[in-house]
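Structure, as structure tokens:
Please treat every number below as a calculation from the coordinates, not as lab data. Note that the structure is predicted; figures quoted are calculated from it, not measured. As a convention, Cβ positions derive from the backbone with ideal geometry for all residues, glycine included, and neighbour counts pool all protein chains shown.
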Amino acid sequence: MTDYLFYDEATKTEIIATYTKGGKLKKVTTKKGVLQLDGLEYFIPCSEDKIDTQFLKIIVVSPDEFFKHAQKVWFEFYTYDTGLDYLFGAKDGNALKAIGKQLTKLTGSTETALDAFKYITKHWNQLDPFYRNNKDLTFINSQLNKILNLLKNGKQTGTAAQSHTADDLRRGFQS
């Protein structure tokens with residue numbers, strides 16, 4: 001599928017048109033402005049090969065590079081670790097995109113975010129059994145901060161963790 005961003009200078013309207021691999025119009029979404037249905041077939045053609053760039057500013061929206069590569073990394077990791085194929089659904093896709101956004105924000109680029117995701121899968125067995133046994137993208141997304149902290153700092157024992165928490169509380173009361 002290919003997404004095109006159509007921009008109408010006169011009305012300041014941005015419309016995303018999605019075409020199938022066969023070049024047929026699949027859906028139209030308004031990103032900004034108001035979509036007027038009168039004459040829409042002249043503005044956005046039903047076939048991708050009929051797009052006229054002479055009157056429209058068209059930007060091809062690139063697919064999420066992190067998602068495509070991270071999905072492949074995840075499938076390879078999951079299959080290697082469990083011997084099963086991962087059943088990938090819409091919730092998993094949303095979770096993987098959210099993980100990508102968070103890792104990109106932390107690392108500064110898509111490439112380093114992908115490297116961070118590979119690091120997580122490579123060092124998965126270093127996590128506590130609670131995390132190791134939850135190989136689910138929605139779970140990972142919800143626990144990403146904890147997982148990153150565990151991989152970076154290692155496991156804190158109960159007494160050490162309680163000691164740090166008590167120290168933090170004491171410092172908070174002193175100020």
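Odds and ends about this structure:
- Once the convex hull of all Cα atoms in region 65-159 is built, its volume per residue stands at 91 Å³.
- Couplings 3J(HN,Hα) for region 112-118, derived from phi with the Karplus relation 6.51 cos²θ - 1.76 cosθ + 1.60 (θ = phi - 60°), are 6, 5, 5, 4, 5, 5, 5 Hz, where x marks Gly and Pro.
- Residue order for L103, L127, L87, fewest other beta carbons within 10 angstrom first, comes to L87, L127, L103.
- Across K21/K122; K31/K152; K24/K118; K27/K105, pairs whose alpha-carbon gap is larger than 32 Å: K21/K122; K31/K152; K24/K118
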